[in-house]
Amino acid sequence: MDDCLFLDFDGTLIDIAATPDAVIIPAGLPALLQTAHDLLGGALAIVSGRPLEQIDQLLAPFAGPAGGQHGLEWRRAAELPVESPEPDRAALATITGRMQQLAGLHPGLRVENKPHGAALHTRGAPGADPAAAEVAEALARKFAGSFELQAGKCVYELRQSGGDKGSTVRHMMAEPLFAGRRPVFIGDDLTDEAGFEAVLPFGGSGVIVGERRPTRATTSFPTPKELHRWLTDFISQVQPRPGDQQP
């Protein structure tokens, strides 16, 4: 059975930065992903909490199957449009407004606006973490049923209900590019546990990047750089050599 790959972005393919817009894309990463994508017949998907528009900008010119905003956006193949539900704009305005109020009281606390959610990043203001958690939990209670709280590494995100990274896996595994393959989900954060869980019914496995913790992943890479090395080795093993070509 052939494999297919689901790859988280921040903390997995790239190192986490102080802010989401300060990340550095390693030289050669887009080309590495394109080569692996092509060798897998297109069965490689990026799965992220970021909007897909950001992922496409950061990984250009690579653009393949992908899931963004924790499963609220998805693209089934490179040439197809992004699909997503209509966002709850009124609720989002209230959520972002309350988050901005808190950020105004704590220098370094950052609000990230997304089409289907908003996030409080505390990496630049660790002392504000308890206040950020309190506000995020209060907003989750206020909008229970339509928005969910997703905590991660130095972040509290309110996202519209209806998706997670596991839902991206299930969407993709129903597509001809992925169907019948053995999925491998690679991620680093709590949000990736839904992906680790989702691949199990398909005979797949999870790989965690970074420090191990209680997780459904069964193997690990210490850093994104080690994942890049593994992808490079994978390509060298799968890619046909000139001597393998039939006359």
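The values are calculated or read from the model by the stated rules, or taken from the named source; none is laboratory data. Keep in mind that this is a model prediction, so the values were computed, not measured. Neighbour counts run over all protein chains shown; Cβ positions are idealised from the backbone, glycine included.
Structure data summary
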read-out	value
Qualifying positions in segment 143-183 - farther than 21 Å from Phe9 by Cβ, in contact (Cβ under 8 Å) with a residue 24 or more places away in the chain and surrounded by fewer than 20 Cβ atoms within 10 Å (Cβ to Cβ)	Phe143, Ser146, Gly180, Arg182
Listing of helices (runs of 4 or more DSSP H) fully contained in segment 136-247 that carry 2 or more residues being touching an Asp or Glu at 6+ places or on another chain (Cβ under 9 Å) and under 13 Å from His70 (Cα atoms)	165-173, 193-199
Criterion (small (Gly, Ala, Ser), surrounded by fewer than 22 Cβ atoms within 10 Å (Cβ to Cβ) and in contact with a strand residue (DSSP E or B) (Cβ under 7 Å, 6 or more places away or on another chain)) met by exactly one of Ala18, Ala78, Ala36	Ala36
Hits in segment 92-114 - residues which are under 30 Å from Ala63 (Cβ atoms) and either among the β-branched types (Val, Ile, Thr) or surrounded by fewer than 17 Cβ atoms within 10 Å (Cβ to Cβ) (or both)	Ile95, Thr96, Val111, Asn113
Long-range neighbours under 6 Å by Cβ, at least six apart or interchain, first residue assigned by TED's automatic domain parsing to the domain that holds Phe9 within segment 27-41, second buried (at least 17 other Cβ atoms within 10 Å of the Cβ) and outside any helix (DSSP H, G or I)	Pro30/Phe62; Leu33/Phe62; Gln34/Phe62; Ala36/Leu44; His37/Leu44; His37/Gly64
